[in-house]
Amino acid sequence: MLKKNDILELSITGYTAEGSGVGRFFPEGTSSENGNGMAVFIPGAARGDRIRARIVKPAKTYAFGRVEEILSPSSERIEPQCPVSAQCGGCVFRHVSYEEELFAKEERVREAAVRIGGLDGSLVGPILGAPSPERYRNKAQFPIGEDKEGNLVLGFYAHHSHRIVPCEDCLLQPEVFQKVMECLKEWRRESGASVYDESTGKGLLRHLYLRRGEKTGEVMVCLVCNGEEIPREKEWAELLRQQIPGLKSVLINTNKEKTNVVLGKKFRTIWGKSTITDILCGLSFELSPLSFYQVNPVQAQRLYEEAAQCAALTGGETLLDLYCGTGTIGLSMAKQAGKVIGVEIVEAAVKNARENARRNGILNGEFFCGDAGAAALELEKRGIRPDVVVLDPPRKGCAPELVETVARMNPKRVVYVSCDPATLSRDLKFFESLSYKVQNITPVDMFPRTAHVESVVLMTRIKEKKLLL
């Protein structure tokens with residue numbers, strides 16, 4: 001049995017869903033030939049590494065450790081470009097080549113499909129990697145703090161904590177965000193604005209919230225404050241106007257609650273507009289601070305194009321878009337469909353979807369607010385039989401009742417967009433039991449350098465088999 005602080009040598013053979021390296025420990029008297037060994041999970045390890053590891057948390061059947069020494073590095077190991085990636089914990093693949101990261105993500109989707117879904121691993125196609133793994137995010141929220149000398153600190157919370165890891169320039173963010181951070185530090189030195197203290201609930205500055213339109217270059221700057229006003233407000237806006245290219249919106253958000261939620265409900269525009277715009281899949285979207293919008297629009301477009309290819313619309317079909325959010329997937333396919341029906345439980349998102357349809361002159365789209373399962377059941381009662389159903393559920397996947405309702409609607413094709421391979425595979429197994437056949441699974445790397453991976457799945461109805469519901 002392993003104990004805390006034990007030191008052992010390990011060969012790293014793969015990765016966990018969270019991006020940690022996996023090695024196998026074989027107790028004395030066992031070997032790789034007569035057993036699987038105990039899995040040891042090591043953050044920052046790479047497949048092909050031979051390392052010396054220290055055990056930090058042992059359990060009965062597995063253990064967590066950390067790298068003490070790299071005895072023989074993997075050929076895929078690289079020097080991390082970000083000096084704080086190990087402390088921040090966001091970029092779990094910063095230490096390996098992008099090709100290795102894509103391998104790990106594709107294998108994660110395939111392993112879940114086989115182990116959980118009982119599917120043939122060959123159904124998982126090559127992952128759609130990003131043109132560049134850097135500078136892809138169009139949104140950021142930086143917590144604001146102070147160092148011991150009283151200087152402003154911006155960065156990210158360390159993993160599972162509220163300790164701010166200072167970050168002068170996150171390589172996932174556009175360079176203009178760094179310029180905004182520099183402006184904030186300059187303005188704060190002149191204004192003397194106080195910084196919010198979570199323990200006391202006092203102080204003014206809480207977060208810096210930023211958005212940028214990938215295609216338009218428009219920039220939104222929003223200061224989240226424990227109050228409704230900031231000192232030298234006009235100077236703040238003027239400083240940004242002079243130094244930030246593409247600036248369109250400067251806002252103050254008031255959040256006086258003792259909460260982990262970043263944004264409060266009240267916004268005030270102190271310069272420019274209250275929104276910015278961007279273009280995705282040839283459509284124009286207006287973005288407020290609260291609008292849902294994919295943070296990697298380049299890869300989002302590739303994901304939507306893959307979903308559209310699976311949907312195979314010819315012009316007259318009815319498309320049902322469940323968990324439609326602000327309508328981006330359904331609206332991107334509207335020109336190829338006879339009718340698009342979107343369902344979303346968040347009322348503000350439904351309002352955005354309707355506005356997005358109007359903004360783009362899309363007349364064949366309807367959007368309803370409600371739970372996806374209940375709405376699908378209501379549409380079924382009305383006799384609405386979609387030809388194609390698109391599912392884009394949250395990480396927990398679809399409720400069994402929703403899967404059953406979709407199957408009863410008898411669409412020719414179901415396109416499932418997922419952000420979690422495990423819940424996806426569980427749901428695919430259930431769909432297959434209800435006469436839907438998985439045709440292909442395409443992983444999409446929406447968030448390079450992080451552990452997340454998306455997938456687009458095409459399922460088709462098996463005509464020969466009758467549903468037993």
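The values are calculated or read from the model by the stated rules, or taken from the named source; none is laboratory data. Everything numeric here is computed off the predicted structure, so don't read it as measured data. Backbone-built Cβ (ideal geometry, glycine too); neighbour counts: all protein chains shown.
Assorted remarks:
- Residue list for the range 266-281, restricted to those being under 19 Å from Arg354 (Cβ atoms), part of a loop (DSSP other than H, G, I, E, B) and of a type outside the set (Val, Ile, Thr): Ser274, Cys281
- Reported count of residues in the range 269-283, each being more than 25 Å from Val453 (Cα to Cα), in contact with a strand residue (DSSP E or B) (Cβ under 6 Å, 6 or more places away or on another chain) and not hydrophobic (A, V, I, L, M, F, W, C), is 5.
For (1) in the same structural domain as Leu171 (by TED's automatic domain parsing); (2) of a type outside the set (S, T, N, Q); (3) in contact with a Gly (Cβ under 9 Å, 6 or more places away or on another chain); (4) part of a strand (DSSP E or B), each residue gets a yes or a no:
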{"position": "Arg408", "(1), (2), (3), (4)": "no, yes, no, no"}
{"position": "Val415", "(1), (2), (3), (4)": "no, yes, no, yes"}
{"position": "Thr423", "(1), (2), (3), (4)": "no, no, yes, no"}
{"position": "Asn440", "(1), (2), (3), (4)": "no, no, yes, yes"}
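- Restricted to strands (runs of 3 or more DSSP E) entirely inside the range 2-76, those with at least 2 residues that are touching a helix residue (DSSP H, G or I) at 6+ places or on another chain (Cβ under 8 Å) are 7-15.
- Filtering the range 383-402 to residues that are over 15 Å from the mean Cα position of the chain (by Cα), part of a loop (DSSP other than H, G, I, E, B) and surrounded by 13 or more Cβ atoms within 10 Å (Cβ to Cβ) leaves Ile384, Arg385, Pro386, Asp387, Cys398, Ala399.
- Residue under evaluation His162, criteria (1) crowded, with 18+ Cβ neighbours inside 10 Å; (2) over 20 Å from the mean Cα position of the chain (by Cα), criterion not met: (1)
Quick grid of which residues meet (1) β-branched (Val, Ile, Thr); (2) over 22 Å from Pro394 (Cβ atoms); (3) touching a residue at least 60 places away in the same chain (Cβ under 8 Å):
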| position | (1), (2), (3) |
| --- | --- |
| Glu317 | no, yes, yes |
| Thr326 | yes, no, no |
| Ile345 | yes, no, no |
| Asn356 | no, no, yes |
| Asn360 | no, yes, yes |
| Cys369 | no, no, no |
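- Which numbered condition Val390 misses (of (1) closer than 30 Å to Pro133 by Cα; (2) among the β-branched types (Val, Ile, Thr); (3) modelled with pLDDT under 95): (3)
- Of the residues making up the range 427-438, those that are buried (at least 23 other Cβ atoms within 10 Å of the Cβ) and either of a type in the set (Ser, Thr, Tyr) or part of a loop (DSSP other than H, G, I, E, B) (or both) number 1.
- Of the candidates Leu320, Leu303, the single residue that is closer than 12 Å to Val390 by Cα, in the same structural domain as Pro443 (by TED's automatic domain parsing) and at pLDDT 95 or above is Leu320.
- Only one entry of Asn364, Asn410, Asn352, Asn360 meets the criterion of being at pLDDT below 95 and over 23 Å from the mean Cα position of the chain (by Cα), and that entry is Asn410.
- Checked against the criterion of being surrounded by 15 or more Cβ atoms within 10 Å (Cβ to Cβ), in contact (Cβ under 8 Å) with a residue 12 or more places away in the chain and touching an Asp or Glu at 6+ places or on another chain (Cβ under 9 Å), the candidates Val195, Val219, Val224 yield just one match: Val195.
- Residue satisfying all of: in the range 278-298; modelled with pLDDT of 95 or more and polar (S, T, N, Q); surrounded by the fewest Cβ atoms within 10 Å (Cβ to Cβ) among these: Ser284
- Pairs, first without any contact (Cβ under 8 Å) to a residue 60 or more places away in the chain in the range 160-175, second of a type outside the set (S, T, N, Q) and part of a loop (DSSP other than H, G, I, E, B), C-beta under 6 Å, six or more apart: Gln173/Arg137; Pro174/Arg135
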